[in-house]
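Report on one structure; see the data block that follows.
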Amino acid sequence: MEGSIRPDEVRPALAQPAAGILAKARNDERPVEASIFAARILILDDEPANTAILRRILERAGYTRVAASNDPLQAAALFLQLRPDLICLDLHMPGLDGFGVLDLLAPLIPPATYLPILMLTGDSTSASKQRALSLGAKDFVTKPFDVDEVLLRIRNLLIPRFMHLELAGYNELLERQVRERTRALEDSRVEVLERLARAAEFRDDATGQHTRRVGLLAGRLAESVGVSGSERETIVRAAPLHDIGKIGVPDQILLKPGKLNPEEFEIMKRHTTIGAEILAGGRSSLIQMAAEIAHHHHEHWDGQGYPSGLDHASIPLPARIVALADVYDALTHDRPYRTAWPLAEVLREIQRQSGTQFDPQIVAAFMALPHTELM
């Protein structure tokens, strides 16, 4: 305990108009200075007279949110409850002194937070001040204190506190705006890619829905084989671009009503490399995956596919997923060169191609899906 302060020890006396000391700050048009009078101030001093006097000084000066306690052991609970903007802390108290309170509060104060702590003390030794400063104190007022001095020190501590809060709020606003702009840009990019995929698909699918259905089924398959949420969403968005390379295939081949001859089929196979070239060099994970799918969605599990003859796990997983989704949707819908197959035949064909054209794990996941909902 550091002793109580008698009212006649406070300089100047409380009867004198302390409100005039900060009149300029209160009338200042700057928002930071105008807002300090709404600051949450916590006074911790074991002497009731001390807390009463300081509380009265602050309230007469215009501060409207002042709380006080004479029990230093309640410091942590009061801090969490009040979230003060400034703490006035007595240095010497029985049971738990100001140093102990600083130790108690240290883990509760986020590292990037500027929380001013004003020490109230009759101990003006350098050792005590250095220790308090090392524990987080920002300034000192010597008892018995001068009213003008204590009000000005509190003001000078609160101004940087509110500037810090204002800057943090501004930074948060900027970060939110950046996130919103990034999301809008990503949405625009996805929309352009979707329209590009539809433009290519309209050449051999009058409805333009094949690419959308392939994307949705690819997402269901990706989920069934344990692909994470973010990667699964990328697959859903990238899969519709699997046939973008058909833009480079002549109409007489792409729209031929009958079976392609070997020369025509070689030209048709080029849509995989054309698609990969169109999408090559993308910086986003979406474009990179789309290029990967476009290039390899006709590779076979047994290595007999095209264009690279990859097999097993050397085929990228998204391409393996889209390969099955593409064949299922193509077989269950009319195409320029044939009518749709019955669902039972499609399922038998996919099952038959497990381990040859398709990854057996993906076939197993597909067979467990409700197929009538996928058409």
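The values are calculated or read from the model by the stated rules, or taken from the named source; none is laboratory data. If you're wondering where the values come from, they're calculated on a predicted model, not measured in any experiment. So basically every Cβ, Gly included, is an ideal-geometry build from the backbone, and we count neighbours across all protein chains shown. To get the accessible areas, we keep the full protein, side chains included, count just its heavy atoms, and leave off ligands, DNA and RNA. Shrake-Rupley method; radii C 1.70, N 1.55, O 1.52, S 1.80 Å.
Could you go through the range 219-233 in sequence order and give the Karplus-derived ³J(HN,Hα) for each residue, using 6.51 cos²θ - 1.76 cosθ + 1.60 with θ = phi - 60°, rounded to whole Hz, and x for Gly and Pro?
Values, residue by residue: x, 5, 5, 4, 5, 5, 9, x, 6, 5, x, 5, 5, 4, 5 Hz.
Starting from the Cα of Lys246, draw a straight line to each of the lysines and keep only those under 25 Å, dropping any in the same chain fewer than 8 residues away.
Excluding near neighbours in sequence, the set is Lys256, Lys259, Lys269.
How about the range 182-273: which trypsin sites (Lys or Arg not before Pro) there are in a DSSP loop, with at most 10 other Cβ atoms within 10 Å of their Cβ? Mind showing how you got there, number by number?
Numbers: sites: Arg183, Arg189, Arg195, Arg198, Arg203, Arg212, Arg213, Arg220, Arg232, Arg237, Lys246, Lys259, Lys269, Arg270; in loops: Arg203, Lys259.
Here the sparse-neighbourhood loop sites are Lys259.
Report in % the part of the accessible area of the range 202-342 that belongs to carbon and sulfur, leaving out ligands and nucleic acids; probe 1.4 Å. Before the final figure, lay out each step's value.
Details: 3400 of 6330 Å².
Looking at the range 202-342 in its full context, I get 54 percent from C and S.
For the range 121-215, run through the chymotrypsin sites (Phe, Trp or Tyr not before Pro) and keep only the ones in DSSP coil with at most 16 other Cβ atoms within 10 Å of their Cβ.
Values: sites: Phe140, Phe145, Phe162, Tyr170, Phe202; in loops: Phe145, Phe202.
Sparse-neighbourhood loop chymotrypsin sites (Phe, Trp or Tyr not before Pro): Phe202.
Whole-Hz ³J(HN,Hα) for each residue in the range 128-144, computed from phi via Karplus 6.51 cos²θ - 1.76 cosθ + 1.60 with θ = phi - 60°, x for glycine and proline: what do you get?
The phi angles translate into 5, 5, 5, 5, 5, 5, 5, 8, x, 5, 10, 7, 9, 10, 8, 7, x Hz.
To test your reading of the geometry: what angle, between 0 and 90 degrees and rounded to tens, separates the Cα axis of helix 343-352 from the longest principal axis of the chain?
90
If we count every other residue with Cβ under 10 angstrom of Tyr328's Cβ, Lys/Arg +1 and Asp/Glu -1, where does the sum land?
On the way: positive: Arg213; negative: Asp326, Asp329, Glu349.
In short, -2.
Taking only protein heavy atoms into account and a 1.4 Å probe, give the accessible area per residue of the chain in Å². Before the final figure, lay out each step's value.
Numbers: 18470 Å² over 375 residues.
Ligands and nucleic acids excluded, the figure is 49 Å² per residue.
What dipole magnitude, in Debye to the nearest 20, does the chain give about its Cα centre under +1 on Lys/Arg Cβ and -1 on Asp/Glu Cβ? All intermediate terms of the calculation are to be shown ahead of the outcome.
Numbers: 42 positive and 51 negative charges, 123 e Å.
Charge dipole, the chain, about its Cα centre: 580 debye, nearest 20.
Among the trypsin sites (Lys or Arg not before Pro) within the range 81-142, which fall in a DSSP loop and have no more than 16 other Cβ atoms within 10 Å of their own Cβ? Please report the intermediate quantities before stating the final value.
Details: sites: Lys129, Arg131, Lys138; in loops: Lys138.
Passing both the DSSP loop test and the Cβ count: no residue.
Answer rounded, prolate or oblate for the chain, using the Cα gyration tensor with square roots of eigenvalues a ≥ b ≥ c: rounded when a/c is under 1.5, else prolate when a/b is larger than b/c, else oblate.
Values: a/c = 4.75, a/b = 3.57, b/c = 1.33.
Prolate, since a/c reaches 1.5 and a/b exceeds b/c.
What does the charge dipole of the range 200-286 about its Cα centre add up to, to the nearest 20 debye, if the Cβ of each Lys and Arg holds +1 and the Cβ of each Asp and Glu holds -1? Spell out each step's value before the answer.
On the way: 12 positive and 12 negative charges, 36 e Å.
So the dipole magnitude of the range 200-286 works out to roughly 180 debye.
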